[in-house]
1. Between Glu72 and Val100, what FRET efficiency comes out of the Förster formula 1/(1 + (r/R0)^6) with R0 = 25 Å and r the beta carbon distance, rounded to 0.05?
2. At 0.36 nm per residue, and after removing the present C-alpha to C-alpha distance, how many nm does the segment from Leu82 to Arg64 gain when stretched out fully?
3. How do Asp135, Asp13, Asp34, Asp151 rank by accessible surface area computed with a 1.4 Å probe, from largest to smallest?
4. Say R0 is 35 Å: what FRET efficiency, to the nearest 0.05, do Arg136 and Met51 get from their beta-carbon distance?
5. For Glu72, what accessible surface area do you get with a 1.4 Å probe? Give it in Å², rounded to 10.
6. Probe of 1.4 angstrom, ligands and nucleic acids ignored: what's the accessible area per residue over segment 1-156, in square angstrom?
7. What is the Cα centroid distance between segment 10-26 and segment 144-174, reported in whole angstrom?
8. Nearest 0.05, what FRET efficiency do Ile93 and Leu29 give at R0 = 41 Å with Cβ-Cβ as r?
Amino acid sequence: MSAEQTRRGPRRDTVVRVGILVWLTVVWLALWGDLSVANILGGLVVGALIMVALPLPRVPVTGRLNPLPLVELIVVSAYYALKSSLQVAWFAIRPAGAPVSGVLRVYSATRSDLVLVLWTDVLNLIPGTMVLEIDRGRCVVYVHVLDVGSDAAVAEFYRTTRRLERLLIEVFERPTGWPHSRPTTPPEVTA
């Protein structure tokens, strides 16, 4: 580890802590609904007390944030959320019965716990899907999907999950230097 990387570690920790304190203060201000000096100071004090009394475990965050794939990720996620919302609305008003729903198994290709959590969070934000279980040991995520009535619908779900995961990997994972190799991804199998 170089001297530059050693110096960067404590700086990054400080930036993360300050960011958490600022976020907790913003939440405090939102709860009070009034922007005043007293509320800002109160938010800083309460945020600091929360950080001391309820410390979060350290999550190893490494790699770099790649801005171009991040923009694509935001646009693609918004598109999928809008598309799924319209699909769920159509299922609610269409004259036919309820769609066939089911649980699908998706094998994860990510090496990062952070990316895995972000991926499952994005999947949960898409209407019609809900992550039920994450098996990190086997790199498997079980997702309840609203429409699995056709092979085309299942294939579309897998295309969506793969694209979102690929974008998250491009945005957050570093390309080299990981302690273990990328797991092999078995073919998609429905549960």
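The values are calculated or read from the model by the stated rules, or taken from the named source; none is laboratory data. All of these numbers come straight from a predicted model, not from anything done at the bench. Cβ coordinates were reconstructed from backbone atoms using ideal geometry, including for glycine residues, and neighbour counts include every protein chain displayed. We work out accessible area using only protein heavy atoms, side chains counted, and drop any ligands, DNA or RNA first. Shrake-Rupley method; radii C 1.70, N 1.55, O 1.52, S 1.80 Å.
1. 0.20
2. Working: separation 18, 0.36 × 18 = 6.48 nm, distance 2.87 nm.
Fully extending the segment from Leu82 to Arg64 adds 3.6 nm.
3. Ranking Asp135, Asp13, Asp34, Asp151 by accessible area, largest first, yields Asp151, Asp34, Asp13, Asp135.
4. Numbers: r = 27 Å, r/R0 = 0.77.
Between Arg136 and Met51 the formula returns 0.80.
5. Spelled out: Glu72, probe radius 1.4 Å, area about 70 Å².
6. For segment 1-156, the solvent-accessible area averages 65 Å² per residue.
7. Answer, in whole Å: 33.
8. Plugging the Cβ-Cβ distance into 1/(1 + (r/R0)^6) gives 0.55.
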